[in-house]
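The values are calculated or read from the model by the stated rules, or taken from the named source; none is laboratory data. Remember, predicted model here, so these are calculated numbers, not experimental data. Neighbour counts are summed over all protein chains in view; Cβ atoms, including those assigned to glycine, are modelled from backbone coordinates with ideal geometry.
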């Protein structure tokens, strides 16, 4: 009779367990819930060559420019959010979620990537393990956000069902999920404890990535409070709204060319204005009577 596995056996490492089909099968037979819990909490580094795309992936088209940008980020920072795969056998895995991250990692030339591994029929146990994981006190905000995202994607939960499962308001869950759309530098700062959830929530409400990163640097350098950051964001948004409210008075390209031709001909400043109906005016400016007479002579000579 084979020796019964205990929790200490799991401590040998997830990768070793995954690489040993007999040991894994024995562990599943004896305590499937413990195996799922361990896989859910730890994850593993898997050779990217052993992962195959999901043939049922509904999304087939990806923005190549965005993929290349993500690949550049992954080369510098690595892959923060692991993909999720289903174990087919000891050297083959099928992608469940994270197709965009998987493709970008391939472009980046990664040899192995972090992954959460699922067994064949672990849906209910996975959900229980993820919810249990969220209740831990030592998770940072990004880890909580990733757990919420996994529950939605892998357990097919709507926002309402997810809210019921974890006992949190939908707005709370939404705030966490928005963190996963933040630039990688900001996610790293959150994971490293350099940025509070309050700071992160404020930054997540900004759509301008350059401004987000600028605020991150300012927060780190000046130790800004959440309130101070909110004031800076409100001021930035007011300035943007003010600029949008002002009509664009720039002339179309072909009219700017004509304006330049007038300026060259008269050797003076010429302003052209035109409204949406096509009505407008041309203004020729002069500094004194002598310049006015020069302009008159030019016109008469023509």
Item to complete: Only helices (runs of 4 or more DSSP H) wholly contained in region 158-264 count here; list those with 2 or more residues that are surrounded by 17 or more Cβ atoms within 10 Å (Cβ to Cβ) and at pLDDT 90 or above.
Response: 170-178, 184-191, 197-204, 209-222, 226-245
Discussion item. Here is a check on your reading of the model: is residue 15 at pLDDT 85 or above and assigned to a helix (DSSP H, G or I)?
Written reply: no
Worksheet, complete the sentence: All-but-one check, residue 115 against (1) at pLDDT below 80; (2) closer than 23 Å to residue 68 by Cα, failing number (1)
Worksheet entry | Residue under evaluation residue 153, criteria (1) in the same structural domain as residue 78 (by TED's automatic domain parsing); (2) surrounded by fewer than 18 Cβ atoms within 10 Å (Cβ to Cβ); (3) modelled with pLDDT of 85 or more; (4) assigned to a helix (DSSP H, G or I), criterion not met | (3)
